[in-house]
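Shown next, in structure tokens, is the structure this report addresses.
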Amino acid sequence: MAGVYVHIPFCKSKCGYCDFHSIPRLQLAGDYVDALLCELRARVDRPVSTVYIGGGTPSALPLSELSRLLSELPSEGVEEFTIEVNPDDVTREFADFLAQSPVNRVSMGVQSLVDAELKAAGRRHDAAGAVEACRRLREAGIANISLDLIYGLPLQTLESWRYSLSQLIALGPQHVSAYMLSIEEGTRFFAMRQAGKLTEASEDTLTLMYAEMCYMLAEAGYEHNEISNFSQPGYRARHNSSYWSGADYIGLGTGAHSFVDGVRGSNPPDVARYIRQHGADFFEREEETDDNRFNTMVITRLRTSDGLDLGEMETQFGPGSVRRLLADADPYLSSGRMTREGSALKIKEDAWLVSDSILVDLIR
């Protein structure tokens with residue numbers, strides 16, 4: 001079994017913080033879907049457990065092209081079939097279309113429920129539009145909705161963050177993803193910061209925002225599954241969990257990553273060449289050492305509430321690797337930032353925000 005990720009690189013506009021692979025050339029959508037379907041037929045050669053269509057903005061595709069794609073993606077036996085959408089794309093027609101398709105989970109990029117923050121981030125929707133989009137999805141019969149938020153946005157305060165959280169909780173999504181703003185080179189926010197036109201939230205403010213998020217979502221009944229992900233009981237994101245648990249996943253489309261039968265690699269983010277080659281011979285294998293594989297297991301497992309299974313690590317890397325890891329983790333176990341529960345080594349929730357500083361001492 002494997003998960004399938006499909007990357008749609010088209011966006012109507014670029015948000016100020018976005019460094020994902022995306023372009024505005026929607027006139028290429030038909031040719032791109034043609035290439036996607038060729039790659040799908042060539043590479044998906046096993047039963048599929050989850051499908052995730054991400055981007056970019058999949059909901060920016062014309063319905064005719066999205067319909068063509070959905071008609072060929074695996075659906076029989078698929079437990080979770082997710083598509084990412086932007087609120088401004090969720091018309092009644094679009095919501096009804098999804099409800100009649102194989103899609104059974106929608107992930108929507110809300111990012112904030114304060115209009116000034118949305119405008120500063122370059123989002124096309126406002127808070128009322130996000131609420132209306134959620135309502136339309138519910139009315140159409142979509143029963144599994146995930147909503148995204150960002151903390152640390154320009155103009156955002158601790159109080160406005162609490163407001164966005166409270167408004168989002170009132171919408172009752174089954175899943176919440178909340179990411180700390182990261183300003184990457186090549187984005188509009190990066191250029192603004194370089195020009196002195198953007199001031200980042202302080203570390204203290206971000207810490208308070210993270211703590212408030214953990215508290216408010218726990219009070220509302222959400223389980224904290226992974227650093228940035230919360231879910232109602234029974235609604236953990238199955239596809240995303242495959243990335244953290246080491247399960248196989250096949251990435252289709254430009255910029256998509258794969259991990260299949262122990263082989264890791266990706267497709268280059270080159271839409272023109274992908275279309276020209278009809279998606280064929282596009283995947284580039286990444287050569288991994290034992291240290292690479294060890295580090296991947298440490299980094300992915302320790303970002304989750306399940307933690308790292310030391311038995312699994314011993315099976316893959318030998319008892320010496322476990323002894324070394326536990327020795328490196330001992331200062332954090334002693335300080336209470338990490339814990340060992342049976343065979344599971346974990347970073348405690350209140351240390352997840354600074355987990356990078358812990359992980360750097362645990363990897364090879």
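The values are calculated or read from the model by the stated rules, or taken from the named source; none is laboratory data. These numbers come from a predicted model, not from an experiment. Ideal geometry is used to build each Cβ from the backbone, glycine not excepted, and the neighbour counts take in all protein chains shown. SASA here: full protein model, heavy atoms, side chains in, ligands and nucleic acids out. Shrake-Rupley method; radii C 1.70, N 1.55, O 1.52, S 1.80 Å.
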For the chain, accessible area per residue (1.4 Å probe, heavy atoms of protein chains only), Å²: 44 Å²
Select from the range 36-80 those GluC sites (Glu not before Pro) which occupy a DSSP coil region and have at most 15 other Cβ atoms within 10 Å, ordered by residue number. 76, 79
With a cut-off of at most 15 other beta carbons within 10 Å, and DSSP calling the residue loop, which GluC sites (Glu not before Pro) in the range 150-214 qualify? Please list them. 184, 185, 200
Cβ-derived FRET efficiency at R0 35 Å, residue 359 paired with residue 190, nearest 0.05: 0.90
Any trypsin sites (Lys or Arg not before Pro) in the range 182-268 that lie in a DSSP loop and have at most 11 other Cβ atoms within 10 Å would be 197
Under 14 Å, Cβ to Cβ, from residue 354 - net charge with Lys/Arg +1 and Asp/Glu -1: -3
What's the magnitude of the charge dipole for the chain around its Cα centre, counting Lys and Arg as +1 and Asp and Glu as -1 at the beta-carbon? Answer in Debye, nearest 20. 520 debye
Efficiency of FRET from Cβ geometry, residue 261 and residue 339, R₀ 25 Å, rounded to 0.05: 0.15
With both partners inside the chain, how many of the DSSP beta bridges are antiparallel, as a percent to the nearest 5? 40 percent
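Quick check: at a probe of 1.4 Å, how many percent of the accessible area of the chain sits on carbon and sulfur atoms? It would help to have the intermediate numbers written out before the result.
Details: 7870 of 16150 Å².
Its accessible area is 49 percent carbon and sulfur atoms.
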Counting helices only, and only those DSSP H runs with n ≥ 4, report the 222 nm mean residue ellipticity of the chain as the sum of -39,500 (n - 2.57) divided by its residues, in deg cm²/dmol to the nearest 500. -12000 deg cm²/dmol
Under the rule of at least 5 residues apart or a separate chain, name every residue whose amide H is placed under 5 Å from the amide H of residue 6. 52, 53, 54, 252
